[in-house]
Amino acid sequence: MKQQILIVDDEVKIIEIVKAYLESSGYNVLTAINGVDALEILEKTHVDLLLLDLMLPYISGEEICLKVREKSNMPIIMMTAKVDETSIIDGLRMGADDYITKPFSPRQLVARVDAALRRAIPNELNQLLTIGEITLDLDNRTVTKNNQVIAVTPNEFKILKLLMERPNKVFTREEIIDLIMDNQFAGFDRTIDTHIKNLRQKVEEDPKNPSKILTIYGAGYRFHSEK
């Protein structure tokens, strides 16, 4: 079955170009030109990945991202004309997995879509990874804390899995990028800090004083384990 992608953008020309490239790469493509239509499609139709413009009529891309993250871990790639670092970090903090700035190469966008969907597909079968009260289901790609499911993005899952697979090992930001992000964020390691901050909000009892995901100043991050 072909994977299904929803493009949300108010620029019809961009939709037409991106749709053509994605369909030629074997994807089914749905489109919406405003936030209201996008949410209606997402409510009624299965979508594997969301390509989301930020400046939309009626409902902003940021608001759509937040609403999607309340219910789904599908990959979200933001397409934005906002090139400042603050806007990008804010988008990642809201739950986006990747971003691409306009104008962009359609071929590069397709490559990013391929990579995001590849990262979202589980490679392991029926495996659980548990440290303390945190458990990762590597088959279903879910995270539980004290048996309660926690919603995480695909990149957050990847980072948590990497850290928990080798507890107490310090990973530099560059290593995390190389190991889980296909080098797409090379040169912009603050994206890792944003993902770590989001994870701490979800798994730590006190995110401001973390006891699980620790910062090793001047080095990187590690997952603390007593074992």
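Taking amide H positions as modeled 1.01 Å from N, with prolines and chain starts lacking one, the residues under 5 Å from residue 30 and 5 or more places away or on another chain are 5, 6, 7.
Relative intensity of region 17-148 on a log10 scale, I(q)/I(0) at q = 0.16, 0.19, 0.21 Å⁻¹, equals -0.90, -1.17, -1.32, per a Debye sum over C-alpha point scatterers of equal strength in the absence of solvent. Close amide H partners of residue 99, meaning residues 5 or more places away or on another chain with modelled amide H under 5 Å apart, are 78.
Once both labels are positioned 7 Å from their Cα atoms along Cα-to-Cβ, the gap between residue 93 and residue 127 label points is 3.4 nm. Computing Cα extents along the principal axes in Å directly from the structure and comparing it against (i) 55, 36, 30; (ii) 51, 30, 30; (iii) 55, 37, 34 singles out (i). Across region 216-221, coupling constants 3J(HN,Hα) worked out from phi with the 6.51/-1.76/1.60 Karplus curve, θ = phi - 60°, read 9, 4, x, 10, x, 10 Hz, and Gly and Pro carry x.
Return one number: the angle in degrees, 0 to 90 and rounded to the nearest 10, between the long axis of the Cα atoms of helix 12-24 and the longest principal axis of the Cα atoms of the chain. Taking the Cα atoms of the chain, the angle to 12-24 is about 70 degrees. Net charge of the neighbourhood of residue 144, taken over other residues with C-beta under 10 Å away and scored Lys/Arg +1, Asp/Glu -1, is -1.
Which FRET efficiency value, to the nearest 0.05, do you get for residue 205 and residue 166 by plugging their Cβ-Cβ distance into 1/(1 + (r/R0)^6) with R0 = 30 Å?
Working: r = 23 Å, r/R0 = 0.76.
Approximately 0.85, to the nearest 0.05.
In this simple spin-label approximation, residue 175 and residue 102 carry label points 7 Å from Cα along the Cα→Cβ vector, and these lie 4.0 nm apart.
Sorted on the mean count of surrounding Cβ atoms within 10 Å across their residues, most packed first, peptides 41-47, 70-76, 21-27 read 70-76, 21-27, 41-47. Separation of region 188-214 and region 101-115, taken as the distance between their Cα centroids, equals 28 angstrom.
Let me make sure I get this right: for region 54-109, a, b and c are the square roots of the gyration tensor eigenvalues over alpha carbons, sorted descending. Under 1.5 in a/c it's rounded, otherwise prolate if a/b > b/c, else oblate. Which is it? Judged from the Cα gyration tensor, region 54-109 comes out prolate (a/c at least 1.5, a/b above b/c). Shown is the FRET efficiency for residue 23 and residue 86, computed with R0 = 41 Å from the Cβ-Cβ distance and rounded to the nearest 0.05: 0.75. Across region 107-116, coupling constants 3J(HN,Hα) worked out from phi with the 6.51/-1.76/1.60 Karplus curve, θ = phi - 60°, read 5, 5, 4, 4, 4, 5, 4, 4, 5, 5 Hz, and Gly and Pro carry x.
Label-to-label distance for residue 2 and residue 149 is 2.9 nm, based on points extended 7 Å past Cα in the beta-carbon direction. Converting phi to 3J(HN,Hα) with the Karplus coefficients 6.51, -1.76 and 1.60 and the offset θ = phi - 60°, region 159-174 yields 5, 4, 4, 4, 5, 6, 5, 10, x, 6, 7, 8, 9, 6, 4, 5 Hz in sequence order, with x at every glycine or proline.
How high is the FRET efficiency from residue 16 to residue 72, r the C-beta distance, R0 35 Å, rounded to 0.05? Walk me through the intermediate numbers first.
Details: r = 26 Å, r/R0 = 0.75.
Efficiency for this residue pair is about 0.85.
Here's the picture: charge each Lys and Arg Cβ at +1 and each Asp and Glu Cβ at -1 in the chain, and of 99, 159, 128 the one pushed furthest to the positive end of that dipole is 128. When only alpha carbons are used to place a centre, region 48-79 and region 1-18 end up 13 Å from one another. Remark on residue 54: its backbone amide H falls under 5 Å from those of 79, 81, a criterion applied only to residues 5 or more positions apart or on other chains, H modelled at 1.01 Å from N.
Every number in this text was worked out from the coordinates using simple rules, so none of it is lab data. These numbers come from a predicted model, not from an experiment. Every residue, glycine as well, gets a Cβ built from its backbone with ideal geometry; the counts of neighbours run over all protein chains shown.
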